[in-house]
1. Would you mention how many residues in the stretch 30-46 are part of a helix (DSSP H, G or I) and over 20 Å from the mean Cα position of the chain (by Cα)?
2. In the set Val109, Val120, which member is under 20 Å from Ala275 (Cα atoms), outside any loop (DSSP other than H, G, I, E, B), open to solvent by 10 Å² or more (accessible area, probe 1.4 Å) and at pLDDT 95 or above?
3. Counting just the residues of the stretch 13-53 that are of a type in the set (Ser, Thr, Tyr) and over 26 Å from Leu373 (Cα atoms), which one comes out surrounded by the most Cβ atoms within 10 Å (Cβ to Cβ)?
4. Looking at this structure, is Val174 open to solvent by 50 Å² or more (accessible area, probe 1.4 Å), free of Cβ contacts under 8 Å to residues at least 12 places away in the same chain and part of a helix (DSSP H, G or I)?
5. Considering only residues that are over 9 Å from the mean Cα position of the chain (by Cα), among the hydrophobic types (A, V, I, L, M, F, W, C) and in a helix (DSSP H, G or I), which ones fall in the stretch 346-397?
6. For the stretch 263-288, give me each residue that is within 30 Å of Ala166 (Cβ to Cβ) and open to solvent by 20 Å² or more (accessible area, probe 1.4 Å).
7. Give the residues of the stretch 198-217 that are among the hydrophobic types (A, V, I, L, M, F, W, C) and surrounded by 18 or more Cβ atoms within 10 Å (Cβ to Cβ), sorted by residue number.
8. Is it the case that the stretch 83-96 has a residue that's among the basic types (Lys, Arg), in a loop (DSSP other than H, G, I, E, B) and either modelled with pLDDT under 95 or more than 20 Å from the chain's Cα centre (by Cα) (or both)?
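The values are calculated or read from the model by the stated rules, or taken from the named source; none is laboratory data. None of these values were measured; they are calculated from a predicted model. Positions of Cβ are generated from backbone atoms using ideal geometry, with glycine treated the same way; all protein chains shown enter the neighbour counts. Note: accessible area is taken over every heavy atom of the protein model, side chains too, but ligands, DNA and RNA are not part of it. Shrake-Rupley method; radii C 1.70, N 1.55, O 1.52, S 1.80 Å.
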Amino acid sequence: LFFRTATMSGIFIIAGKRTPFGAFGGALKAFTATDLAAHACKAALVSAKMDPASIDDVYIGNVAQTSVDACYLARHASLKAGVPIGTPALTVNRLCGSGFEAVVNAAQVIKLKEASMVLVGGTESMSQAPMSSYTARWGSPLGTDMKFVDTLMQGLCDSYCGLPMAITAENLAVQHNISRADVDAYALRSQQLWATANSQGVFNDEIAPITIKGKKGDVVFDTDEHPKPKTTLEALTKLKPVFKKDGVVTAGGASGICDGAAAAVVASEEAAAKAGVKPLARVVSYCSAGVDPSIMGIGPVPAIQGALQKASLKLEDMDIVEINEAFAAQVLACQKELGIADAVFNLNGGAIALGHPLGASGARIMVHLAHRLVATGKRYAVGAACIGGGQGIAVVLENAQ
């Protein structure tokens with residue numbers, strides 16, 4: 001972890017873009033995670049007015065590795081974005097914190113003076129998660145049906161603690177006395193805040209539309225597909241709990257399974273000045289932390305506390321706080337534990353509305369917060385996410401303008 005002192009050069013996000021997020025099996029289902037990352041990376045470089053040849057290193061987060069060429073993801077995305085062959089690229093996987101981790105990796109190599117301009121991002125195509133057979137290669141005995149495994153569903157279950165992610169949220173609801181009414185009210189809030197923000201053009205600066213070829217011609221996809229702005233509290237209360245009888249986790253109070261990508265250009269203070277660009281935000285500090293896997297959703301609490309401590313800041317100093325909405329119960333537990341005021345919390349809706357393409361969400365939050373600090377004139381923001389397996393990650397940003 002690091003924080004700025006009088007003698008420390010700054011590390012800045014100088015530009016950031018994302019795709020609109022596509023619903024599961026929706027508009028982006030034909031795009032691989034590599035395709036989506038390449039689109040976001042190109043858009044970020046254009047926004048930064050940077051020659052791809054100026055990039056020293058590339059870090060892209062991805063979790064599920066759903067396409068046949070996913071093992072090449074960061075490398076292929078960077079090459080498709082025009083980054084020179086001689087520039088290295090690394091795919092990073094800290095599960096739902098992967099997009100944040102890419103920013104952290106960039107900050108670390110810049111701090112070590114191993115790079116001065118880094119392309120980062122996060123991407124996921126959950127729609128392309130395959131049904132896989134782990135026995136077919138070695139043959140199937142006569143009369144025995146070949147078994148296929150839903151890799152998406154299995155990936156959302158932690159085999160170490162034997163729990164689906166949703167049950168870890170149910171555990172937090174019990175521990176923190178969070179009711180079904182609390183969860184439904186929060187889910188409605190997320191949808192309504194996204195709808196208001198979208199109607200006011202809040203996401204315009206961060207979204208890079210994608211042109212999709214269709215039977216009737218090209219279609220410009222420029223708006224998040226998963227949100228349900230017309231939902232009502234009555235409709236949410238009618239949904240049945242999915243994982244636990246009399247539980248609180250429903251389809252309405254959980255993050256959407258989605259596709260999408262986000263990318264940013266991170267630079268040293270010297271590199272940004274030399275390029276003549278005006279940064280959006282300074283990376284102030286970061287922290288990753290481990291928690292009990294059975295309550296993995298509480299991970300943002302120690303991560304935020306750690307990031308703030310390293311920067312000699314307090315939660316009260318944060319003008320904007322965004323915690324990835326894996327589940328309403330989970331994010332409410334974090335809000336209650338930290339004492340976050342509604343007035344600064346997840347102000348434009350979160351993953352319950354937008355959706356949660358696993359590797360992309362952290363990068364989306366970083367891009368969103370950087371733009372919002374500039375647009376609102378606020379000083380500090382912190383973004384965080386819980387991580388399956390029992391971790392949390394947080395990054396503090398400061399308005400650079």
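1. Taking the stretch 30-46 first, the residues part of a helix (DSSP H, G or I) are 33-46.
Filter again for over 20 Å from the mean Cα position of the chain (by Cα), leaving 46.
Residues in the stretch 30-46 being part of a helix (DSSP H, G or I) and over 20 Å from the mean Cα position of the chain (by Cα): 1 in total.
2. On the way: Val120 fails: open to solvent by 10 Å² or more (accessible area, probe 1.4 Å).
Within the list Val109, Val120, the selection yields Val109.
3. Here the answer is Thr34.
4. Here the answer is yes, as Val174 does meet what is asked.
5. Ile352, Ala353, Leu354, Val367, Leu369, Ala370, Leu373, Val374, Ala375
6. Residues satisfying the conditions are Tyr286, Ser288.
7. Val202, Phe203, Ile207, Ala208, Ile210
8. no
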